[in-house]
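Data block below; observations after.
The values are calculated or read from the model by the stated rules, or taken from the named source; none is laboratory data. This structure is a prediction, so every number in the text was calculated from the model and none was measured. Note that we place each Cβ from the backbone using ideal geometry, even for glycine, and neighbour counts take in every protein chain shown. Side chains are part of the model used for accessible areas, which takes the heavy atoms of the whole protein and leaves out ligands, DNA and RNA. Shrake-Rupley method; radii C 1.70, N 1.55, O 1.52, S 1.80 Å.
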Amino acid sequence: MDLYEAIMNRRSIRKYKDKEIDEDIINKIIEAGIWAPSAGNLQSWEVIAVKDHQTKDKLAVACYIREFIAEAPVVLVICAHKSKYERTYGERGHELYCIQDAACAAQNMLLMIHNLGLGACWNGSFDEDSVSDLLGIPEGVQPVAIITVGYPDEKPLPPPRLEIEEFIHNEKY
Ligand SMILES: Cc1cc2nc3c(=O)[nH]c(=O)nc-3n(C[C@H](O)[C@H](O)[C@H](O)COP(=O)(O)O)c2cc1C
């Protein structure tokens with residue numbers, strides 16, 4: 001798939017077919033995350049792949065009862081390994097870079113998911129403590145994004161974007 005086409009046509013998908021995703025496809029998605037840039041190449045993120053129905057049901061509750069989270073065949077919980085940055089880059093490292101690393105990896109994964117004919121939705125709205133307790137995420141590791149993945153069973157229209165003028169400042173703010 002052409003990169004421009006992938007960027008323009010990727011949509012958040014919240015309805016999935018009842019079809020499993022092969023392990024090699026999941027690995028390809030994670031591989032796309034691995035090749036994202038990261039500060040100092042520290043690669044400070046990790047991912048928990050959840051397929052178990054009971055765990056997904058509980059994740060849906062931790063996401064304030066979003067049912068599509070329980071219905072997705074695979075849920076990828078992207079975590080920032082904050083403590084990896086403790087000795088490097090100081091506060092900026094563990095408060096900012098490690099979240100940016102995780103976000104870069106997540107976006108690469110979203111594009112690869114789309115490229116492979118699957119659909120995904122980034123979920124940022126969840127109770128961090130509940131997710132950490134449920135998945136045994138240790139101190140120093142923060143869940144930052146919950147990405148549901150599946151074969152799309154909807155084709156949403158693109159939500160509008162602001163005009164380019166709203167983003168660009170020439171020379172000064
Ligand atoms: C940081 C972040 C958090 C998000 N959190 C949620 C969420 O909690 N629930 C949800 O349904 N979508 C969530 N989304 C998806 C956005 O709603 C979606 O990307 C946006 O409406 C644009 O639509 P598009 O992805 O189809 O272009 C999130 C996206 C990002 C980047």
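In vacuum, with every alpha carbon of the stretch 93-173 counted as one equal point scatterer, what does the Debye formula give for log10 I(q)/I(0) at q = 0.12, 0.15 Å⁻¹? Two decimals, please. The Debye formula, applied to the Cα set alone, gives -0.55, -0.81.
Accessible surface of MET8, taken over heavy atoms with a 1.4 Å probe and every protein chain present, rounds to 100 Å².
On the principal axes of its alpha-carbon atoms, the stretch 1-67 has extents of 36, 30, 25 Å, going from largest to smallest. Across ALA72, ALA60, ALA120, mean-square fluctuation computed from a Gaussian network of the chain (C-alpha pairs under 10 Å connected) peaks at ALA60.
Note on CYS121: accessible area is roughly 0 Å² with a 1.4 Å probe, heavy atoms of protein only. Rounded to the nearest 0.05, the FRET efficiency derived from the C-beta distance between HIS53 and GLU139 at R0 = 22 Å is 0.20.
Ignoring ligands, DNA and RNA, what percent of the accessible area of the chain is carbon or sulfur (1.4 Å)? Don't skip to the end; give the middle numbers.
Details: 5440 of 10710 Å².
C and S atoms contribute 51 percent here.
Phi-derived couplings, Karplus 6.51 cos²θ - 1.76 cosθ + 1.60 at θ = phi - 60°, listed residue by residue for the stretch 32-46: 4, x, 4, 8, 6, x, 8, 4, x, 6, 6, 6, 8, 10, 9 Hz, with x used for Gly and Pro. At the residue level, GLU86 shows approximately 120 square angstrom of accessible surface with a 1.4 angstrom probe and all protein chains present. For the residues ASP18, ASP129, ASP2, a 1.4 Å probe over the protein chains yields an accessible-area ranking, largest first, of ASP18, ASP129, ASP2.
Can you list, largest first and rounded to whole Å, the semi-axes you get for the chain by taking the square root of 5 times each eigenvalue of its Cα gyration tensor? All intermediate terms of the calculation are to be shown ahead of the outcome.
Working: eigenvalues 124, 109, 49 Å².
Taking √(5λ) for each Cα gyration eigenvalue gives 25, 23, 16 Å.
Computed from the Cβ-Cβ distance with R0 of 25 Å, the FRET efficiency linking GLU31 to GLU166 stands at 0.10. Taking a straight line from the alpha carbon of LYS17, these aspartates and glutamates sit under 20 Å away, with near neighbours fewer than eight places off in the same chain left out: ASP52, ASP57, GLU67, GLU71, ASP153, GLU154. Computed with the Debye formula from one identical point scatterer per Cα of the stretch 80-140, without solvent, the log10 of I(q)/I(0) at q = 0.20, 0.23, 0.29 Å⁻¹ comes to -0.92, -1.02, -1.10.
Counting other C-beta atoms within 10 Å, and keeping those with at most 13, which DSSP coil chymotrypsin sites (Phe, Trp or Tyr not before Pro) do you find in the stretch 1-50?
Details: sites: TYR4, TYR16, TRP35, TRP45; in loops: TRP35.
Qualifying residues, ordered by number: TRP35.
Which trypsin sites (Lys or Arg not before Pro) does the stretch 32-112 hold that lie in a coil by DSSP with at most 14 other beta carbons within 10 Å?
Numbers: sites: LYS51, LYS56, LYS58, ARG66, LYS82, LYS84, ARG87, ARG92; in loops: LYS51, ARG66, ARG87.
Hits after loop and neighbour filter: LYS51, ARG87.
Using every Cα-Cα pair within the stretch 18-109, state what percent have a distance larger than 22 Å. Summing the P(r) tail past 22 Å for the stretch 18-109 gives 38 percent. Relative to the current alpha-carbon distance between ASP127 and TYR89, full extension at 0.36 nm per residue lengthens the span by 10.9 nm.
A straight Cα-to-Cα reach below 18 Å connects LYS28 with the lysines LYS19, LYS51, residues fewer than 8 places away in its own chain not being considered.
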